[in-house]
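Below is one structure, written out as structure tokens; comments come after it.
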Amino acid sequence: MTTLRPFHLAFPVHDLAAARAFYRGALGCAEGRSSDHWIDFDFAGHQIVAHLSPDVRAAEVTNPVDGHDVPVPHFGIVLTMADWQALADRVAAAGIAFGIAPHIRFQGQPGEQATMFFRDPSGNALEFKAFANDAMLFAR
């Protein structure tokens, strides 16, 4: 598996209108196909699909990482540092609450990264990160 290809992720949401407002409106993801039960979004070139599940409830499981309680499960994307900062500013301006505020994790260590966490309206946890040096993505 050496060729990077777009991933596909399907996840539950309790309200499609709220998901559309969040992913298309707040995050700026282009919308693809949709129905009364799901919406495709372009997530930085990857396909994510919000599937209507009115009774869904997000997991409240966390795992300690570098002094923070990281929500599990979560998904996200690795951005450039400039795009990460622009997204952090966009999220803050939209009034979206950070679960873990933008900060530098593992400072001065292998894998040093900028990271932030927040949840969509259905409680799905998202993490966005960036590296000053992308070679640190899998650093040990």
Segment 1-21 and segment 90-124 have their Cα centres apart by a whole-number Å value of 18
Share of antiparallel DSSP beta bridges in segment 1-61, in percent to the nearest 5? 60
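Shape call for the chain from the C-alpha gyration tensor, a ≥ b ≥ c root eigenvalues: rounded (a/c under 1.5), prolate (a/b greater than b/c) or oblate?
Values: a/c = 1.74, a/b = 1.49, b/c = 1.17.
Prolate is the answer for the chain, as a/c is 1.5 or above and a/b outweighs b/c.
Restricting to DSSP H runs of at least four residues, report the calculated mean residue ellipticity at 222 nm for the chain, -39500 (n - 2.57) per run over all residues, nearest 500 deg cm²/dmol.
Value at 222 nm, helices only, nearest 500: -3500 deg cm²/dmol.
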How long is the gain from SER34 to GLU60 if the chain were fully straight, where each residue apart is worth 0.36 nm and the alpha carbon distance is subtracted? 6.5 nm
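Please calculate how many Å² of accessible area the chain carries per residue, with a 1.4 Å probe and no DNA, RNA or ligand atoms counted.
Details: 8120 Å² over 140 residues.
For the chain, the per-residue accessible area is 58 Å².
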Quickly work out the PHE106-to-ALA21 label distance, labels modelled 7 Å from Cα along the C-beta direction, and quote it in nm with one decimal. 3.7
Report the relative contact order of the chain, percent, no decimals, based on alpha-carbon pairs under 8 angstrom and at least 6 residues apart. 22
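The values are calculated or read from the model by the stated rules, or taken from the named source; none is laboratory data. Since the model is a prediction, treat every value here as computed from it, not as a measurement. Cβ: placed from backbone, ideal geometry, glycine included. Neighbour counts: every protein chain shown. Surface areas here come from the heavy atoms of the whole protein model, side chains and all, with no ligands, DNA or RNA. Shrake-Rupley method; radii C 1.70, N 1.55, O 1.52, S 1.80 Å.
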